[in-house]
Amino acid sequence: MPSLTPPSGGTQRERKRGKMRKSRLILAPAAMLAASALILSGCAAEETTETTESAETESSSDDTTTEEAPAETFEVYALFPQGNDQAYGSTLIEPLQANGAELGINFTLSNSGYDATKQLAECEIAVAAQPDGIMLWPAVGSAVRPCLVAADNAGIPVWVINTDVGPADAPLTYGYSGPDTYGQGVASAELMCEAVDGEEVGIIQVNGAAGNGTAIDRDNGFTDHVEANCPNVTILAEQNADWTPAGAKQVAADMISAEGIENIGGIYAADDSMVDGAVQALEDLGEDASDYFITGIGNTKLGNPLVKEGKMYGTVFQSSVWEGENAPEYMHRVLTGEIAKGDRVTAYMPSVKVTAENADDPEVAPEW
Amino acid sequence: MTETIQLGGAKETGFFPRLRTIIGRRTEGRGVILLLVILAVLAFTQPLVFTALPVTIGRIALIGIVALGLTAVILMGELDLSVASTLAASGVVVAIIPDLRIAIPAALLMGIVVGIINAFFIAIVGIASFIASLGMLFALSGLAFVLSNEVPVSIANQDAGLAFGQPLFGPVTPRILLFFLVFIAIQLFVTKVKAGREFFAVGGNRQAAYDSGIPVKRRIFTGFIISGFVSALAGVIYTLELTVATPTAGSTVLLASFAAAIIGGNYLKGGRGSIIGTLIGASSLGVLQVALFLSGVQVPVQNTLIGAILLIAVITDPSSLRAISARVRATLPDRTKVEAQ
């Protein structure tokens, strides 16, 4: 005779309800987590403002004769494709926020991870929030028109940094400050031509991430200059890497295998991190990198020692601090009406060439 | 005396017991609770989310549209990792063909073809969907770079693109309208159409589905075609709105789509879930992202939070709870044996 006693734990229905209750109980932390984050985010935003204000107060009380608290404060949305997740972004954001605080600009930062669609969505949100201004570091330089149109329609001024927009979009912005990415490619090519000094040399070229605006500009700048000014330098092969040493090492090794090490006399990489990878690829083959003509861009913490060791002939200094310090200055000039719509200002950071002669100079001390 | 053995629970009668039963069968509970909590908190901390409603809905549509197509595949216990690269490749197709009247159908057709190829490898060749769609992800990503010559490609008719981003009526932009049309179409298909309802059977118990005469392979083809088509549609929308196609488009789409589907209560092994759940999941994520952005919360913190919510959503799935509970019981000493000793 079957037992009528339900198994321990109750009937199937009761057990199911128990599990559902359990599920809902465990869900509570998720909901609480979301709620706490949202509340904390509100507090964080308030805290940022307070910190800025207290810094201003402290500054004005300590040095009342020379500095004054900003007469006016501004809310600016900074739509960036990178942030504290990358070395350049993190070393740019620090002076940006510090200088912004001094000028009375409170930045709300975003990071689209180089996704142009995500950046457009962030731009829509920023326009809806109606800030005093928008600082735009385009994820893709040619994909910013809808964002610029939306900001323009809402009467919000836009200042562009790091990667300039195209000529057709430029009138929708108040100006640009940052590196001359095409000019950096040219400067690196000048270093290459100088290093080669008329010798017939075949080189391989490691470009930045495919489709990236900076990578395209630097590639064009380098290629145009070499073709026009040093026909003795032949670009045997070129490939894109992902800005990382590991990616560059792989593509450099592939190109060396394909072209033959005996035919290669030099390497150009669009970033010092990638130079480091290319140098590793040479050393893995038992080669001495100092026997090759190698140039890069960045003068980074990876690149500067390579110049000092003689493994890289030269590089082009890109200062994240210059960019971080100057961007709020120009934004402030826009917000105070000093730069009017239609007066578009372009401010390039100096593309200082760094070779063994000046690699130790404090002016070109690597920042990222 | 006659004893009655009742198998299963007694049939619930009355409005509230029936309502309780209906609610008990739904899988969207976690998503609904999360969304309500988020909305309640935001009402006090970030009311701009509500005043800027068109932007918030637009963000939901952005996250949700690919997730809706993906859900059709997830319901059958399959995965489609190629959605983001389908989006990128179809976007490039729209940009490289100058005439939009040809470009848009070509891009959508491409999505359908991608779905058919995915389904062929999964249903006919027998490759796991994770592997097949991973291969498709790389192939389409490469194709997008080749077709675009590795640079962003602007659409020929810029004005049409800019007009596409403008509201049609009220706050409703074409993106939002298409999102809701896709939602209604897929929702009706999986709830009212026999072929769509069979997705649940295919995902719940594939052998039983075969045995009961459901054309499982045909359903897998249907699911992947829906996923491919919707991803391509998203690619068309993205490209028109940006006026430019980038071969790297949609790089953040894949994870967001899966997150929306999972938060909405869709079971990754198939058989349980709903399109409404995905809508709720996308809404939760979209509103949360807008609020965190407006609050100036750093992206790594946003990602950590969303990751934590996703993890909790997976853990609180009833089947995961059962597995955890069984593990705990297995590791604890058997009480009866302890007592006997």
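What to note about this one:
- Odd one out for A:TYR176, checked against (1) in a loop (DSSP other than H, G, I, E, B); (2) aromatic (Phe, Trp, Tyr); (3) open to solvent by less than 40 Å² (accessible area, probe 1.4 Å): (1)
- Residues of the range B:201-227 that turn out to be modelled with pLDDT of 95 or more and of a type in the set (S, T, N, Q), as a count: 2
- All positions within the range B:241-256 that are open to solvent by 10 Å² or more (accessible area, probe 1.4 Å) and over 10 Å from B:ALA88 (Cβ atoms): B:GLU241, B:THR252, B:LEU254, B:LEU255, B:ALA256
- Residue count for the range A:226-259, restricted to those that are open to solvent by less than 30 Å² (accessible area, probe 1.4 Å) and either more than 15 Å from A:ASP272 (Cβ to Cβ) or free of Cβ contacts under 8 Å to residues at least 12 places away in the same chain (or both): 8
- Here the helices (runs of 4 or more DSSP H) wholly within the range B:25-116 that include at least 2 residues being farther than 30 Å from B:GLY271 by Cβ, in contact with a strand residue (DSSP E or B) (Cβ under 9 Å, 6 or more places away or on another chain) and open to solvent by 30 Å² or more (accessible area, probe 1.4 Å) are B:53-74.
- Where B:PHE130 falls short, out of the listed (1) surrounded by 15 or more Cβ atoms within 10 Å (Cβ to Cβ); (2) closer than 30 Å to B:VAL216 by Cβ: (1)
- When the criteria are applied in full, A:ILE264 meets the requirement of being open to solvent by less than 20 Å² (accessible area, probe 1.4 Å), touching a Gly at 6+ places or on another chain (Cβ under 8 Å) and not hydroxyl-bearing (Ser, Thr, Tyr).
- Any chance A:ILE156 is assigned to a loop (DSSP other than H, G, I, E, B) and at pLDDT 90 or above: yes
- Only a single criterion out of (1) at pLDDT below 95; (2) of a type outside the set (Phe, Trp, Tyr); (3) open to solvent by 30 Å² or more (accessible area, probe 1.4 Å); (4) part of a helix (DSSP H, G or I) is not satisfied by B:ILE124, namely (1).
- None of B:ALA128, B:ALA144 is farther than 24 Å from B:GLY286 by Cα and touching a residue at least 12 places away in the same chain (Cβ under 8 Å) except B:ALA144.
- Every listed requirement among (1) within 19 Å of B:LEU268 (Cα to Cα); (2) over 17 Å from the mean Cα position of the chain (by Cα) is met by B:GLY170 save one, (1).
- Filter result for B:ARG206 (open to solvent by less than 30 Å² (accessible area, probe 1.4 Å), of a type in the set (Lys, Arg) and in contact (Cβ under 8 Å) with a residue 40 or more places away in the chain): no
- Exclusive hit being touching a Pro at 6+ places or on another chain (Cβ under 8 Å), acidic (Asp, Glu) and outside the structural domain of A:GLY296 (by TED's automatic domain parsing), set A:GLU325, A:GLU363: A:GLU325
- Residues within the range A:133-150 that are touching a Ser or Thr at 6+ places or on another chain (Cβ under 9 Å) and more than 9 Å from chain B (Cβ to nearest Cβ), tallied: 4
- The lone exception for B:PHE183 - which of (1) touching a Ser or Thr at 6+ places or on another chain (Cβ under 9 Å); (2) of a type outside the set (Ser, Thr, Tyr); (3) at pLDDT below 95 it fails: (3)
- Residue match in the range A:156-165 (condition: of a type in the set (A, V, I, L, M), open to solvent by 10 Å² or more (accessible area, probe 1.4 Å), at the interface with chain B (Cβ under 10 Å from one of its Cβ atoms) and touching a Leu at 6+ places or on another chain (Cβ under 8 Å)): no
- Taking the criterion of being of a type outside the set (Gly, Ala, Ser), at the interface with chain B (Cβ under 7 Å from one of its Cβ atoms) and either under 17 Å from A:ILE161 (Cβ atoms) or open to solvent by 10 Å² or more (accessible area, probe 1.4 Å) (or both), the residues of the range A:106-128 that qualify are A:THR108, A:LEU109, A:ASN111, A:TYR114, A:LYS118, A:LEU120, A:GLU122, A:GLU124.
- Selection of the range B:139-155 for residues being more than 14 Å from chain A (Cβ to nearest Cβ) and either closer than 14 Å to B:LEU240 by Cβ or surrounded by fewer than 16 Cβ atoms within 10 Å (Cβ to Cβ) (or both) yields only B:ALA139.
The values are calculated or read from the model by the stated rules, or taken from the named source; none is laboratory data. These figures come from a predicted structure and were not determined experimentally. So basically every Cβ, Gly included, is an ideal-geometry build from the backbone, and we count neighbours across all protein chains shown. Quick note on the areas: whole protein, heavy atoms, side chains included, nothing else; ligands and nucleic acids left out. Shrake-Rupley method; radii C 1.70, N 1.55, O 1.52, S 1.80 Å.
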